Structure formats: structure tokens, C-alpha cells
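Q: So that we are looking at the same thing, I have put the structure below in C-alpha cells.
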Amino acid sequence: VKTVLKPLVEGVPELKVVMEHVTTTEGVEFVKSAREGVAATMTVQHMLLNRNALFSYQGQGGLRPHHYCLPILKRESHRRSLVEAATSGSPKFFAGTDSAPHTMDKKESSCGCAGCFTSPAALELYAEVFEGEGKLDKLEAFTSLNGAKFYGLPTNDSKVKLTRKSWKMPPSYQVSDGAVVVPLRAGEDIEWSAQPV
């Protein structure tokens, strides 16, 4: 950030720069203090999980390959920085799901693929994060408005209604040729439900 990105941002002031999937306090602080035209996206897995979730989750130890993603999950202090920035209302931060539907055989292998499959409930999981901070009123801008505004694009005309209605994430989704994809929070309760309006 200091040796490459900062000089680039300062040296080319008309260049728009997005730190895709920012994961550290340093990245967040850089974006917050940078000039207009510098922003960052955040994934829901980096806002929900810290690095401990790779090796222990809900009291069960062992490697959790479906939590392995790049950038790698970070310490709790970094996760907190992401959540605080995302829920702050700053237009410099917006959603970037980076959903990665790698099949189970590719994730659960000696050289597993990086990425979390979040698309079945990305919006609902972001809602959980924002609700936990008491900032649901900032969710729409983070997920739907800030990115479009940054890129100078019109906002989407489609609408989605979020309801506080729990549902269980399936343990997996079947894709082609009998292969399955395991979503983030497989088999767990999701506290929000999104439906098109």
C-alpha cells in the first residue's frame, strides 16, 4: 500500500482506484484517508469470519476448507476494522461478493481452491453484519448504491425485500455431472430472507 499504491494514487490524480476485497486495517485506513476516486470492496466472509474460522468453527476443530479464501482471512482486529468501515455509511466502501462456486472435490483436496461460495445468501449475510452493528439503515448504500455511484453507473431498477425470517442454508448445491458446491454457512440458519419485489 505504502510503496506502490500510495504513490500511484498521488501521481495520477484522475485515476479511479478500487482496492478489491480489502481485508486489513491498513487497507481500510488508506482508503479512508485517500483522495476522492479511491474506494474499496469488501466480501461478506471477511466481515463475518476471522482467521480462527479456518481451523475451528462453532466449537469444532479441524481444517475448514470452505472458509479458505484469498485474500486469506485475517485477525479479529482486521475483521472489526472492515465491519466498522462498511457500516460507517462512507461511500468509499461497497460490497464485492467474490462468490467462488468451486466444487467440493476442488475445495477438499491436497491443494484446495481458494474462495467462498456466498451467492446463495450474500445479501442476507451482509444484513446480519449490519444488523449486528445496529446499522441496517446503511445496508442499501453499501450493497446497492455506493458502487454504482463510484463507477458513474445508474442504480439498478430491481428491488429486493429483506425480511427478518430465518431459513436453513442447504448443506450443498448440485451442479453439473453430480458435482456439488458447499456454500458458506452450509446447514446453518440464515437470519434474513431476500425476495425480489
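The values are calculated or read from the model by the stated rules, or taken from the named source; none is laboratory data. None of these values were measured; they are calculated from a predicted model. All Cβ positions, even for glycine, are placed from backbone atoms using ideal geometry, and neighbour counts span all protein chains on display. Heads up: the accessible areas ignore ligands, DNA and RNA and are worked out on the full protein's heavy atoms, side chains in. Shrake-Rupley method; radii C 1.70, N 1.55, O 1.52, S 1.80 Å.
Q: Among the residues of region 171-184, write down those that are closer than 23 Å to Asp98 by Cα, out of contact with any Phe, Trp or Tyr (no Cβ under 7 Å at 6 or more places or on another chain) and either open to solvent by 40 Å² or more (accessible area, probe 1.4 Å) or not in a loop (DSSP other than H, G, I, E, B) (or both). Show your work before the answer.
A: Initial filter on region 171-184 (closer than 23 Å to Asp98 by Cα): 171-176, 179-184.
With the extra rule that they be out of contact with any Phe, Trp or Tyr (no Cβ under 7 Å at 6 or more places or on another chain), the set shrinks to 171-176, 179.
Of everything in region 171-184, those that are closer than 23 Å to Asp98 by Cα, out of contact with any Phe, Trp or Tyr (no Cβ under 7 Å at 6 or more places or on another chain) and either open to solvent by 40 Å² or more (accessible area, probe 1.4 Å) or not in a loop (DSSP other than H, G, I, E, B) (or both) turn out to be Pro171, Ser172, Tyr173, Gln174, Val175, Ser176.
Q: A follow-up question, please. What helices (runs of 4 or more DSSP H) completely inside region 2-60 contain at least 2 residues that are open to solvent by 30 Å² or more (accessible area, probe 1.4 Å)?
A: On the way: elements: 5-11, 25-33, 44-48.
In region 2-60, 5-11, 25-33 are the helices (runs of 4 or more DSSP H) which contain 2 or more residues that are open to solvent by 30 Å² or more (accessible area, probe 1.4 Å).
Q: So Leu70 ticks every box in (1) open to solvent by 40 Å² or more (accessible area, probe 1.4 Å); (2) modelled with pLDDT of 95 or more; (3) in contact with a Ser or Thr (Cβ under 9 Å, 6 or more places away or on another chain) but one. Which box is left unticked?
A: It fails just one condition, (3).
Q: Quick one: Tyr126 ticks every box in (1) out of contact with any helix residue (DSSP H, G or I) (no Cβ under 6 Å at 6 or more places or on another chain); (2) surrounded by 14 or more Cβ atoms within 10 Å (Cβ to Cβ); (3) within 19 Å of Thr41 (Cα to Cα); (4) among the aromatic types (Phe, Trp, Tyr) bar one, so which box is it?
A: (1)
Q: Can you find a residue that is among the hydrophobic types (A, V, I, L, M, F, W, C) and more than 19 Å from Leu184 (Cα to Cα) anywhere in region 56-72?
A: No, the conditions are met nowhere in region 56-72.
Q: Shifting gears a bit: Would you check which residues across region 101-114 are buried (at least 20 other Cβ atoms within 10 Å of the Cβ) and either without any contact (Cβ under 8 Å) to a residue 60 or more places away in the chain or of a type in the set (Lys, Arg) (or both) and list them?
A: Across region 101-114, the qualifying residue is only Lys107.
Q: Cβ contacts < 9 Å: first residue without any contact (Cβ under 8 Å) to a residue 40 or more places away in the chain, restricted to region 38-49; second residue among the charged types (D, E, K, R) and part of a helix (DSSP H, G or I), any location; separation 6+ or different chain. Result?
A: His46/Arg79; Leu49/Arg79
Q: Which residues, counting only those in region 79-95, are over 20 Å from Ile190 (Cβ atoms) and surrounded by fewer than 21 Cβ atoms within 10 Å (Cβ to Cβ)?
A: Arg80, Glu84, Ser88, Gly89, Ser90, Pro91, Lys92
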